[in-house]
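Heads up: the structure comes next, in structure tokens.
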Amino acid sequence: MADLPYSADALSLLRPRAKVLLRKRMRQLRGTVPTEARARRSAAISARVLSLPCWKDAATVALYAAMPDEFDPHGLLDDAVARGLDVALPVVGEDRVLTFRWLVFQGRRFPTAKSAFGIDEPTAEAPAVDLATLDVVIVPALAMDPRGHRLGFGRGLYDSTLVLMPRAVRVATVFAFQMIAEVPDEAHDQRVHFVVTDEDTYRVEDAP
């Protein structure tokens with residue numbers, strides 16, 4: 001049997017470098033999607049998420065405010081509000097820790113303000129979320145693979161927060177071209193339970 005061309009230590013150094021290059025490429029690809037195509041793809045993704053049993057059974061969900069070139073979850077928000085679900089949104093603190101506050105809670109909708117990243121976040125007026133109570137969390141990504149491994153934006157915010165959501169079903173939402181054969185994974189990376197694109201839904205059978 002031939003020896004591996006790289007040692008385990010060498011591979012541990014190569015994975016972060018591969019992620020940097022992959023992030024750059026996926027940002028470029030996502031930025032080429034026309035507005036109309038983004039809306040059409042987002043509607044298809046939303047329809048697939050709405051058909052998931054975990055979404056249908058949920059009482060509390062966490063969404064995110066999208067950047068201009070990524071999946072737009074407004075269809076999910078509209079469904080959640082119509083059904084009377086409690087809806088949380090992420091907030092990035094000054095210490096770069098990700099927390100969640102309620103956008104909609106017990107029938108009341110709270111105001112939002114633009115963050116330093118240019119996206120809507122609930123203000124301090126909104127109650128903080130007990131992460132252990134969330135049923136479903138919609139997770140953004142730059143790339144996904146069928147194993148449920150996610151390429152994020154390199155800050156590790158979701159990886160450190162998902163572990164605090166023990167009962168939440170993790171659903172990553174990406175455009176079909178963001179699915180790749182294998183995302184370089186590291187020990188701290190958190191996998192998801194479902195990956196939903198505008199073309200397919202992938203269930204990760206052995207996800208935590």
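Here are the numbers:
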| read-out | value |
| --- | --- |
| Leu14 vs. criteria modelled with pLDDT of 90 or more and either in contact with a helix residue (DSSP H, G or I) (Cβ under 6 Å, 6 or more places away or on another chain) or not basic (Lys, Arg) (or both) | no |
| Filter pass, Thr201 being closer than 21 Å to Arg30 by Cβ and either hydroxyl-bearing (Ser, Thr, Tyr) or in contact with a Gly (Cβ under 7 Å, 6 or more places away or on another chain) (or both) | yes |
| Single unsatisfied condition, Glu36 versus (1) under 29 Å from Leu134 (Cβ atoms); (2) at pLDDT 95 or above | (1) |
| Selection from region 149-208 of residues that are crowded, with 19+ Cβ neighbours inside 10 Å and among the polar types (S, T, N, Q) | Thr161, Thr173, Gln178, Gln190, Thr197 |
| Residue ID - surrounded by the most Cβ atoms within 10 Å (Cβ to Cβ), chosen from residues in region 108-135 that are part of a loop (DSSP other than H, G, I, E, B) and out of contact with any strand residue (DSSP E or B) (no Cβ under 6 Å at 6 or more places or on another chain) | Ile119 |
| Contacts under 6 angstrom Cβ, first residue in region 171-199 being under 10 Å from His149 (Cα atoms), partner modelled with pLDDT of 95 or more and among the aromatic types (Phe, Trp, Tyr), 6 or more apart | Val195/Tyr202 |
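The values are calculated or read from the model by the stated rules, or taken from the named source; none is laboratory data. The structure displayed is predicted, hence computed values, not measured ones. Methodologically, a virtual Cβ is constructed for each residue, glycine included, from the backbone with ideal geometry; neighbour enumeration extends over all protein chains shown.
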